[in-house]
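Below are the C-alpha cells for one structure; questions will follow.
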Amino acid sequence: MADTLTPVLTDTWDAEQGWKLATYAARGGYAALDTAFAMSPDDVITAVKDSGLRGRGGAGFPTGMKWSFIPQDNPKPKYLVVNADESEPGTCKDIPLMMGNPHVLVEGVIISSYAIRANKAFIYIRGEVVQVIRRVQAAVAEAYAAGHLGKDIHGSGYDLDVVVHAGAGAYICGEETALLEGLEGRRGQPRLRPPFPAVAGLYASPTVINNVESIASVPAIVQNGAAWFASMGTEKSKGHGIFSLSGHVQKPGQYEAPLGITLRELLDLAGGIREGHQLKFWTPGGSSTPLLTAEHLDVPLDFEGVGGVGSMLGTRALQLFDETVCVVRAVLRWTEFYKHESCGKCTPCREGTWWLVQALTRLENGEGTEADLDQLLDQCDNILGRSFCALGDGATSPVSSSIQHFRDEYLAHLEHGGCPFDPAKSTAWAGQEVTA
Amino acid sequence: MSAAPLDDKTLGELREIAARYPEARSGLLPMLHLVQSVQGRITPEGVEACAAILDISPAEVNGVATFYTMYKKHGVGDYHVGVCTNTLCAVMGGDEIFSRLKQHLDIGNDEVAAQRQGDSRTVSLEHIECNAACDYAPVVMVNWEFMDNQTPESAVQVVEALRAGHDVSSTRGPKLCTWREAERVLAGFPDGRVDEGPTAGEASLAGLRIARERGWTAPDPAATPAVEAAQKAEGTDG
C-alpha cells in the first residue's frame, strides 16, 4: 500500500533552482535515457503499456496503446507533440511542473520520441505563461549542450530535435487536432476524425499527442519499472497523479497522490474548507466535468470512481466552492467562457453556447420562468454529442449538473427577483476587511 | 504608439523562426509574436511580411491573427494587466479586482489607461480566462507573468508602481519586463531572465511539504516485484 502522498514529479519542486540540469542530474535525472536506449523502442512501449499509465490531460486514454497505434510501416516521419496548452478552468498542474521541473518533461520527450521512432518533437505551450516558456526553452538548450538532444544521443545512434512552440491564446488548442492546426500556423479549429493523428496528424504524418504530465511520468516508469508505477493507484487507474485543490480550502495547492484518493482525504491534508464554511459544490476535473457536491466526498478519484457518479476525473482540477457561492453565477461565468472560446466551426457549439448564456443571464437576474430550466436542458441536449469536438460537450456539463443538484437555487432566483447571494462573502478577503 | 519599421534584422529573425519547422508555415504563431515585439501590435506591414515569407496570402495571416486573443490589432500599454475573471478567480475576488482597476484607471476592458503627467510607463487592462494558477486565486497577470493572490488594493499598488516606472517583480517569476520584451521571448528568443524567481510558489508546494513532514514518498523501486520480463513474454498486441 503506497503512502497517502507520493511525490514523483513534484519531488524536486522544493529544490534550489530545480529547473536547472545540474539539479535534475544530481537526483539521477537523464539516467532513464540510457535504460531506454538499452531497450528496443517496442519494449519501451510495452513497459508504458504494462504500467497502466493513462493520459493525464483529461481523457485518460492508455498512453502506451496510443503509441502502439503509430503505423511503423508508414514511410513518413513520425512526430511527438506535447500538449502543454493547459487552459481548462481549474487545471493548474502542468504549469508549475514545467516551471519547477522542466527537465523531467524533456527526458520524457526523448524517451517517448525514441519509443515511437520520432526524430522531431514539439512542446506546444500556451503563450500566456512567459516564465514557464523561459524555463522549458532553457531546459531544452541545456539538454542539447549536454548531449541529451541532437545527433547520436548518448552514442545510441538516435537523433532528436525539440522545438518549444508558444501558442497565442486559445482554449480550443488544448483539443489535440486544434492544437495541430495551431502548430501548422492556422486557426485553431478541430479536425474531423478519422483519420486520427496517429495515422495523419502533424503534416499528415503519424503523430502522438500527449499531455505534459503523461510524458513527464515516462522516465520514472522506464527507470523504476512498470510494476513500480502500477503499485500505486487502483485496479484500472494506475500510478501517481497531481491533484490541484483551489477555491475555498485552507491550503490550496498541488497534491501528488496515487489515483483513487478521495476528496475527503485530500481535504484532511489541506486543512478542510475555509474556517466556518461548508463545501457546497466542486469540480473533479475542471469546469468541463459535471459538478459534484458534499455527497461525493468519498468517491475514489480515479477514472472509474468519478465516472460512476456521473462525472469525469478529467485533469484532477478540484475547484471547491462553499455555501456563500451562487451556483448560477458560477455556471453563467463558465458558460460565458465556453461561448468566448468556441472556435465557431460547428453550429451546435457556436450558437448553442450563445443561447445558454442568454438563458442563464436571465435566470441569474431573476427574470424568466421555471420553463427556462427545461429549455436550458433542451439546449444542452442539442449541443452534447452533436458538436464537432469536446468543447461543446464540456460546455453543457456545468449547466446540466447544476440543474440536477441545485434546481431549487435556480428557482430561488426567480422568487427573489435576482441573485440572493452576496458575492462579497465569497472573496478571499471576506470577513477580513473590517478594521477600526 | 509608434511602430518601428520591420528592418532587415527583424525580417531575418522572422525567416529564422520559419526555418525551425519542417514546414515554414508552422512558424506563423511565433512570427506574429515577433511582429508584436517590434511594432507593439499586429500591423498591416507585419501581416504582409509574414505572408511574403511564408508564401501565403495576407488574408490567411489575418485569419490567424484575429483568431488568437494574444494578438492585438490595437496597441496595449508597456504593461498589459490581465485580471482572471473565470469562475474560480471571479468568486475569490477577481470580479472585484477587475472592477476596481477599471474604476481606478478610468478605462473599460481591453483599453489603455491615459498616461498622466509624471507617468513614465503605460498600462492597459483586460479580463482574461483561466491562466492555470487557480491555487493562487485571485490571479492577475502582468505581461503574462504571475501576480498571485491579489486584492483590489494590491492590484492598484501594482499598476501605480508600474506607471511610475518602479521595478516590480512577479510573485512567482522575474522582474517584470515590458510587453514587447515578453513577446520576443514568446517568439523564441530568450532574454536571460530564466533564473529569476523560485522553483515553485508556496501553494505549488502544499502537498510536498506535508509529504516531507510525514515521511511519505513514492514506493521504493527495489521493493516492487520485477514483473516486466514476464509481461514482456506475453506479447504486445493492443
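The values are calculated or read from the model by the stated rules, or taken from the named source; none is laboratory data. Quick caveat: nothing in here was measured; it's all calculated off a predicted structure. When we count neighbours, we look across all protein chains shown, and the Cβ atoms used for this are built from the backbone with ideal geometry, even at glycine. These accessible areas exclude ligands, DNA and RNA; they are computed on the full protein's heavy atoms, side chains included. Shrake-Rupley method; radii C 1.70, N 1.55, O 1.52, S 1.80 Å.
Can you find, among B:His166, B:Ala18, B:Gly94, the residue sitting farthest towards the positive end of the charge dipole of the range B:15-169, where Lys and Arg contribute +1 and Asp and Glu -1 at Cβ?
B:Ala18
Next question, about the same structure. So for chain B, averaging the separation of alpha carbon pairs under 8 Å that are six or more residues apart and normalising by length, what relative contact order in percent results?
17 percent
Let me ask you something else. Starting from one equal scatterer on each C-alpha and no solvent at all, send me the Debye-based log10 I(q)/I(0) for the range A:320-370 at q = 0.13, 0.19, 0.23 Å⁻¹, two decimals.
For the requested q values the scattering log ratios are -0.35, -0.66, -0.84.
Excluding residues fewer than 8 places away in the same chain, name every one of the lysines whose C-alpha is closer than 23 Å to that of A:Lys78.
In chain and number order, the partners are A:Lys49, A:Lys66, A:Lys120, A:Lys151.
If you take each beta carbon of peptide B:183-193 and count the beta carbons of other chains within 10 angstrom, what is the mean?
4
How many Cβ atoms of partner chains, on average, are near each residue of B:64-72 if near means within 10 Å of its Cβ? Could the numbers behind the result be given before it?
Values: counts 7, 2, 1, 13, 10, 8, 8, 3, 0.
That average works out to 6.
Hey, what did the range A:173-236 get for relative contact order, percent, Cα under 8 Å, at least 6 apart?
Working: 51 pairs, mean separation 11.3, N = 64.
RCO, the range A:173-236: 18 percent.
Here is a further query. Say the dipole of chain A comes from +1 at the beta carbon of Lys and Arg and -1 at that of Asp and Glu; which of A:Asn101, A:Val249, A:Leu320 then lies farthest toward its positive end?
So the residue we want is A:Asn101.
Is there a simple number for the mean count of other chain Cβ atoms within 10 Å of the Cβ of residues in A:257-263, and what is it?
Partner-chain Cβ atoms within 10 Å, mean over residues of A:257-263: 1.
Throw me the Rg/Rh for the range A:1-61, computed over C-alpha atoms with Kirkwood Rh, two decimals.
1.03
Starting from the range A:191-276, pick out the trypsin sites (Lys or Arg not before Pro) whose DSSP state is loop and whose Cβ has at most 16 other Cβ atoms within 10 Å.
Here the sparse-neighbourhood loop sites are A:Lys236.
Same structure again: Please provide three numbers in whole Å: the alpha-carbon extents of the protein assembly as shown along the principal axes, with the largest listed first.
Principal-axis extents of the protein assembly as shown (Cα, largest first): 68, 62, 50 Å.
In addition: Can you tell me the Rg and Dmax of the range B:1-136, counting just the alpha carbons, in angstroms?
For the range B:1-136, the Cα-based Rg and Dmax read 17.5, 50 Å.
Give the lysines whose C-alpha is closer than 23 Å to that of A:Lys345, dropping any in the same chain fewer than 8 places away, or say none.
List returned: B:Lys72, B:Lys73.
Which value at 222 nm does chain A reach when only helices count, each DSSP H run of 4 or more adding -39,500 (n - 2.57), with the total divided by all residues and rounded to the nearest 500 deg cm²/dmol? Don't jump to the answer; show the numbers that get you there.
On the way: 18 runs with 183 residues, N = 436.
Calculated mean residue ellipticity at 222 nm is -12500 deg cm²/dmol.
Checking the cross-link filter: which aspartates and glutamates have an alpha carbon closer than 15 Å to that of A:Lys238, excluding same-chain neighbours under 8 positions apart?
Correct list for A:Lys238: A:Asp3, A:Asp50, A:Glu213, A:Glu256, A:Asp302, A:Glu304.
What fraction, in whole percent, of alpha-carbon pairs in chain B exceed 34 Å separation?
32 percent
Further question on the same structure: Could you give the length gained on full extension between A:Asp374 and A:Asn74, defined as 0.36 nm per residue of separation minus the Cα-Cα distance, in nm?
Roughly 102.9 nm would be gained on extension.
Name the residues of the range A:1-48 whose accessible area, probed at 1.4 Å, falls by at least 50 Å² once all protein chains are in place instead of their chain on its own?
Listed in order, they are A:Asp3, A:Leu5, A:Pro7, A:Trp13, A:Asp14, A:Trp19, A:Thr46.
Hey, another quick one. What ranking do A:51-58, A:100-107, B:51-58, A:350-357 get when scored by the average of other Cβ atoms within 10 Å per residue, highest first?
Packing order, densest peptide first, comes out as A:100-107, A:51-58, A:350-357, B:51-58.
Which residue, chosen from A:Tyr410, A:Val212, A:Gly60, occupies the Cα position most advanced towards the positive end of the dipole of chain A, where the dipole is computed from +1 (Lys, Arg) and -1 (Asp, Glu) charges on Cβ about the Cα centre?
The one lying farthest along the dipole's positive direction is A:Val212.
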